[in-house]
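The values are calculated or read from the model by the stated rules, or taken from the named source; none is laboratory data. This structure is a prediction, so every number in the text was calculated from the model and none was measured. Quick reminder, even Gly has a Cβ in these numbers, built from the backbone with ideal geometry, and neighbours come from all protein chains shown.
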Amino acid sequence: MIARVEKDALEEEARIAREQAIAARKTGNKEDFFTIYVDPAQRERLDKIKFVHDLASKYPEGLTVEYESFDRKEIEVRVLIEGNLGAEYKKVSHAWGGRYYFKNGKASSAYVWQKEAKGF
(Lines give C-alpha, C1' and ligand atoms only; values in the text may rest on other atoms or scores of the structure.)
Protein backbone atom coordinates (compact mmCIF):
# COMPACT_ATOMS: atom_id res chain seq x y z
CA MET A 1 0.00 0.00 0.00
CA ILE A 2 1.25 3.47 -0.78
CA ALA A 3 1.87 5.30 2.46
CA ARG A 4 -0.44 8.20 3.19
CA VAL A 5 2.56 10.42 3.91
CA GLU A 6 3.97 9.71 0.45
CA LYS A 7 0.64 10.58 -1.16
CA ASP A 8 0.41 13.85 0.77
CA ALA A 9 3.98 14.79 -0.16
CA LEU A 10 3.38 14.11 -3.87
CA GLU A 11 0.16 16.08 -3.88
CA GLU A 12 1.86 18.99 -2.12
CA GLU A 13 4.73 18.97 -4.62
CA ALA A 14 2.30 18.92 -7.52
CA ARG A 15 0.37 21.83 -6.02
CA ILE A 16 3.55 23.88 -5.54
CA ALA A 17 4.72 23.17 -9.10
CA ARG A 18 1.33 24.24 -10.50
CA GLU A 19 1.35 27.46 -8.47
CA GLN A 20 4.87 28.29 -9.61
CA ALA A 21 4.00 27.67 -13.25
CA ILE A 22 0.85 29.82 -13.00
CA ALA A 23 2.78 32.65 -11.30
CA ALA A 24 5.51 32.56 -13.95
CA ARG A 25 2.96 32.60 -16.74
CA LYS A 26 1.03 35.53 -15.20
CA THR A 27 4.13 37.69 -14.72
CA GLY A 28 5.42 36.89 -18.18
CA ASN A 29 8.90 36.59 -16.67
CA LYS A 30 10.74 34.10 -18.88
CA GLU A 31 13.47 33.57 -16.27
CA ASP A 32 10.96 32.28 -13.72
CA PHE A 33 9.37 30.02 -16.30
CA PHE A 34 12.81 28.76 -17.36
CA THR A 35 13.80 28.03 -13.74
CA ILE A 36 10.64 26.03 -13.06
CA TYR A 37 10.93 23.82 -16.11
CA VAL A 38 14.69 23.49 -16.63
CA ASP A 39 16.32 23.70 -13.19
CA PRO A 40 17.55 20.11 -12.52
CA ALA A 41 16.21 20.01 -8.95
CA GLN A 42 12.79 21.15 -10.14
CA ARG A 43 12.92 18.83 -13.16
CA GLU A 44 13.60 15.76 -11.03
CA ARG A 45 10.72 16.59 -8.69
CA LEU A 46 8.31 17.17 -11.58
CA ASP A 47 9.46 13.98 -13.32
CA LYS A 48 8.68 11.94 -10.19
CA ILE A 49 5.22 13.46 -9.96
CA LYS A 50 4.60 12.84 -13.66
CA PHE A 51 5.81 9.23 -13.33
CA VAL A 52 3.37 8.28 -10.57
CA HIS A 53 0.47 9.98 -12.36
CA ASP A 54 1.37 8.31 -15.68
CA LEU A 55 1.31 4.91 -13.98
CA ALA A 56 -2.20 5.64 -12.73
CA SER A 57 -3.34 6.45 -16.26
CA LYS A 58 -1.78 3.31 -17.80
CA TYR A 59 -2.88 0.68 -15.26
CA PRO A 60 -6.20 -0.15 -13.59
CA GLU A 61 -6.91 0.47 -9.91
CA GLY A 62 -5.34 -2.13 -7.63
CA LEU A 63 -2.39 -4.45 -8.16
CA THR A 64 -1.07 -5.45 -11.61
CA VAL A 65 1.71 -8.05 -11.88
CA GLU A 66 3.92 -8.52 -14.95
CA TYR A 67 6.79 -10.94 -15.52
CA GLU A 68 9.78 -10.60 -17.83
CA SER A 69 12.27 -13.38 -18.46
CA PHE A 70 15.77 -12.93 -19.83
CA ASP A 71 18.70 -15.28 -20.34
CA ARG A 72 20.06 -15.16 -16.79
CA LYS A 73 17.51 -13.13 -14.85
CA GLU A 74 13.80 -12.78 -14.22
CA ILE A 75 12.00 -9.55 -13.44
CA GLU A 76 8.70 -9.30 -11.60
CA VAL A 77 7.02 -5.90 -11.91
CA ARG A 78 4.18 -4.97 -9.58
CA VAL A 79 2.26 -1.78 -10.21
CA LEU A 80 0.02 -0.62 -7.38
CA ILE A 81 -2.56 2.05 -8.20
CA GLU A 82 -4.60 3.93 -5.60
CA GLY A 83 -6.71 6.78 -6.90
CA ASN A 84 -4.68 8.93 -9.27
CA LEU A 85 -1.29 7.82 -7.91
CA GLY A 86 0.75 4.74 -8.64
CA ALA A 87 3.94 3.02 -7.53
CA GLU A 88 6.06 0.57 -9.52
CA TYR A 89 7.95 -2.16 -7.67
CA LYS A 90 10.47 -4.46 -9.36
CA LYS A 91 12.18 -7.59 -8.12
CA VAL A 92 15.15 -8.73 -10.22
CA SER A 93 16.19 -12.34 -9.57
CA HIS A 94 19.48 -13.45 -11.11
CA ALA A 95 20.41 -17.04 -11.98
CA TRP A 96 23.38 -16.89 -9.59
CA GLY A 97 20.99 -16.16 -6.68
CA GLY A 98 21.16 -12.41 -6.32
CA ARG A 99 17.93 -10.50 -5.75
CA TYR A 100 17.50 -6.76 -6.12
CA TYR A 101 14.47 -4.63 -5.37
CA PHE A 102 13.40 -1.29 -6.80
CA LYS A 103 10.61 1.19 -6.13
CA ASN A 104 9.83 3.73 -8.86
CA GLY A 105 13.23 3.11 -10.45
CA LYS A 106 15.30 3.57 -7.28
CA ALA A 107 16.97 0.85 -5.22
CA SER A 108 14.80 -0.44 -2.41
CA SER A 109 14.73 -3.31 0.09
CA ALA A 110 13.03 -6.68 0.41
CA TYR A 111 11.05 -5.24 3.31
CA VAL A 112 9.55 -2.50 1.11
CA TRP A 113 8.73 -5.13 -1.53
CA GLN A 114 6.91 -7.31 0.99
CA LYS A 115 5.19 -4.52 2.90
CA GLU A 116 4.14 -2.15 0.10
CA ALA A 117 4.04 -4.31 -3.04
CA LYS A 118 2.19 -7.17 -1.37
CA GLY A 119 5.04 -9.44 -2.46
CA PHE A 120 4.42 -12.33 -0.09
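For this structure, a couple of remarks:
- Output for the stretch 84-109, where each listed residue is at positive phi and exposed (fewer than 10 other Cβ atoms within 10 Å of the Cβ): Gly97
- Selection within the stretch 84-104 - in a strand (DSSP E or B) and in contact (Cβ under 8 Å) with a residue 24 or more places away in the chain: Leu85, Gly86, Ala87, Glu88, Tyr89, Lys91
- Filter result for Asp54 (free of Cβ contacts under 8 Å to residues at least 60 places away in the same chain and farther than 20 Å from Glu11 by Cβ): no
- Residue list for the stretch 79-116, filter: closer than 24 Å to Lys50 by Cα, in contact with a Lys or Arg (Cβ under 7 Å, 6 or more places away or on another chain) and of a type in the set (Lys, Arg): Lys91
- Residue count for the stretch 54-77 under the criterion of being more than 10 Å from Val92 (Cβ to Cβ) and either out of contact with any Lys or Arg (no Cβ under 9 Å at 6 or more places or on another chain) or assigned to a loop (DSSP other than H, G, I, E, B) (or both): the result is 13.
- Residue identified as modelled with pLDDT under 90, touching an Asp or Glu at 6+ places or on another chain (Cβ under 9 Å), among the aliphatic types (A, V, I, L, M) and outside any loop (DSSP other than H, G, I, E, B) among Ile81, Ile36: Ile81
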